[in-house]
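The next block holds one structure in the form of structure tokens; read it before the comments.
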Amino acid sequence: MLTELGGKSGCLCEPAKKGELRCPLIIRPTSEDVVTGNLFGTLKAINPRWWLKDLLNQALGEERFRRQVYRNLRIELWEKQRRYPRQHLKWNEGSTEVDVVITWENPKTTVFIEMKYGSKLSSITTHNNGSSGYPSDQLIRNARVGLRENGWFQEDVLFNGERRDFVLILLTPTTGNSLVQKYRDPSQLKSSIPDGKRLHDLPGLPFIGELGYLDVINILRQQRRWFSKPERTLIDDLDHYLEFKVSQLGRGNGQSH
């Protein structure tokens, strides 16, 4: 974070610019993974009581979550999920890597976060170009995988696993993605998933939402007084960094906030 803010992220040498050499240690200004690591590296270090429920409710547009102490809270980055059962799909699909997975146990809850920065939400995924008749974008894939991982599908087993509340959030520089609005509609969601009839129930609605980088900044600023001095230092650095990343995109990129 400080490396980028200080303009010390480095540059590509001539062979790298020509594609003759790869430089993995260069911090690329368009890297979503760098933003993800900086953002959630900071959030993991500060008290979740003062930001987690605010972030979730802002994303969903509803007061679904309360302020609390989160038992066994885990925030994991780039976590791979189980392969989706082949018999329920019309295409071969590998494992899904979720950018951010947040879990806690009171009550049992899982949050998937799909991060974007310079690129848009992909309209196709590996081995699925949409020719099967079902949407192939990243958001519906994360929704489908998350619902299965958290026990919302009726599986072909003797005993189904315990259900967990589930939330899916798209976190981008700016908000207004049409797919978020589409999949918040339960009928649209079920019709977009192969064997959607196995979804007898859904998590509490709405469970799909979106956040912009400025939303994160505003939430942390509003709650800043509740944090310790070291936490406030981290928050201030993160605020500057996210503003910097939004400004890097320039005018005319993305959607309006």
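Which FRET efficiency value, to the nearest 0.05, is calculated for Arg221 and Glu63 with the Förster distance at 30 angstrom and r the Cβ-Cβ distance? List each step's numbers first, then the result.
Values: r = 20 Å, r/R0 = 0.66.
The computed FRET efficiency comes out at 0.90.
Modelled spin-label separation between Asp237 and Ser178, with each label point placed 7 Å from Cα along the Cα-to-Cβ direction: 4.1 nm. Note on Ser31 and Leu249: the extension gain reaches 77.3 nm, defined as 0.36 nm multiplied by sequence separation minus the Cα-Cα distance.
Rounded to the nearest 10 square angstrom, Trp226 shows an accessible area of 120 square angstrom against a 1.4 Å probe. Along the axis of the charge dipole computed for segment 31-251 (Cβ charges of +1 for Lys and Arg, -1 for Asp and Glu, origin at the Cα centre), the listed residues Pro206, Ile193, Ile219 are led at the positive end by Pro206.
Surface exposure of segment 31-251, expressed per residue as accessible area with a 1.4 Å probe, stands at 46 Å². Here segment 31-251 is assigned +1 on the Cβ of each Lys and Arg and -1 on the Cβ of each Asp and Glu. Its dipole about the Cα centre then comes out at about 300 debye. Roughly what percent of Cα-Cα pairs across segment 31-251 reach past 29 Å? When all Cα pairs of segment 31-251 are counted, 26 percent exceed 29 Å.
As a fraction of the 1.4 Å probe accessible area of segment 31-251, surface on carbon and sulfur atoms comes out at 47 percent.
The values are calculated or read from the model by the stated rules, or taken from the named source; none is laboratory data. Being a predicted model, the structure only gives us computed values, none of them experimental. We place every Cβ from the backbone using ideal geometry, glycine too, and count neighbours over all the protein chains shown. The area values use the complete protein model at the heavy-atom level, side chains included, leaving out ligands, DNA and RNA. Shrake-Rupley method; radii C 1.70, N 1.55, O 1.52, S 1.80 Å.
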